[in-house]
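The values are calculated or read from the model by the stated rules, or taken from the named source; none is laboratory data. Here the structure is a predicted model, which is why all the values come from computation and not from measurement. Here the Cβ positions follow ideal geometry from the backbone for every residue, glycine too, while neighbour counts run over all protein chains shown. The area values use the complete protein model at the heavy-atom level, side chains included, leaving out ligands, DNA and RNA. Shrake-Rupley method; radii C 1.70, N 1.55, O 1.52, S 1.80 Å.
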Amino acid sequence: MKKRSVITVAALTAMSFQILAATPFSMTSQDISGERRLAQQQVFEGFGCHGGNTSPQLAWTNPPAGTKSFAVTVYDPDAPTGSGWWHWTVANISAKTQTLPADAGNPNGEKLPAGVVQGRNDFGYSGFGGACPPAGDKPHRYQITVWALDVDNLPVDKNASGALVGFMLNSHVLAKAQLTATYSR
């Protein structure tokens, strides 16, 4: 009987380690509804759109082993440009950081941790630029992605384009967690 209980405990322990190891890298946001529709706060103010132009609160858990830093991107693949639209790129987030508050993407960066870099969005400035699809267009998808990276820092600055940041991210990605929200007007 004693031998069977030791084997049972060992099997349960092994299964719990497998469950922990299988827990995926994931992301949540208090600011994005369960319907995954962006709120008026995340809509751009300009270009005919009227919103708060506020980046959403984001949190992530279970990054993979070896993560040295994080990055966050917000990208609209449905923009009628032929190349999508970069709404936000943020790099060089310490591996110790696993949350960004709402409005972390304001252009002055005061709500971002020290050392974090915001690249240039497709509106032409460094910081978050909210959703602003063409009026009457189908709902656009806004892919909010946190990237776990194998380097402490990417060689980018506030003038880095979304394409350049994307290239760097894909060169160093260990894992990605993504939320996709929609918005139309």
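Just one of (1) open to solvent by 40 Å² or more (accessible area, probe 1.4 Å); (2) within 14 Å of the chain's Cα centre (by Cα); (3) acidic (Asp, Glu) fails for Asp122. It is (2).
Scanning the range 95-104 for any residue that is touching a residue at least 60 places away in the same chain (Cβ under 8 Å), part of a loop (DSSP other than H, G, I, E, B), within 17 Å of Val146 (Cα to Cα) and open to solvent by 20 Å² or more (accessible area, probe 1.4 Å) turns up at least one such residue. Just so you know, in the range 51-94 the residues that are among the hydroxyl-bearing types (Ser, Thr, Tyr) and more than 16 Å from the chain's Cα centre (by Cα) include one that is nearest to Trp147 (Cα to Cα), and it is Ser83. For the range 64-94, the set of residues classified as open to solvent by less than 50 Å² (accessible area, probe 1.4 Å), charged (D, E, K, R) and in a loop (DSSP other than H, G, I, E, B) consists of Asp78 only.
So the check is Cβ under 6 Å with 6+ separation or different chains; which pairs have a first residue in the range 120-132 that's farther than 17 Å from Ala104 by Cβ and assigned to a loop (DSSP other than H, G, I, E, B) and a second one that's open to solvent by 30 Å² or more (accessible area, probe 1.4 Å) and not basic (Lys, Arg)? Matching pairs, first to second residue: Asp122/Trp85; Asp122/Trp86; Cys132/Phe47.
Confirm whether Gly115 is open to solvent by 50 Å² or more (accessible area, probe 1.4 Å) and on the phi > 0 side of the Ramachandran plot. Judged against the criteria, Gly115 is a match.
Within the range 74-97, the set of residues being hydroxyl-bearing (Ser, Thr, Tyr) and more than 11 Å from Gly127 (Cα to Cα) comprises Tyr75, Thr81, Ser83, Ser94, Thr97. Applying the criterion of being more than 29 Å from Arg37 (Cβ to Cβ) and part of a strand (DSSP E or B) to the residues of the range 134-185, the residue that is most open to solvent (accessible area, probe 1.4 Å) is Leu174. Restricting attention to the range 22-43 and to residues that are closer than 13 Å to Pro63 by Cα and among the polar types (S, T, N, Q), the residue that is modelled with the lowest pLDDT turns out to be Thr23.
Looking only at the range 52-63, residues that are touching a Gly at 6+ places or on another chain (Cβ under 6 Å) and open to solvent by less than 20 Å² (accessible area, probe 1.4 Å) come to 1 in all.
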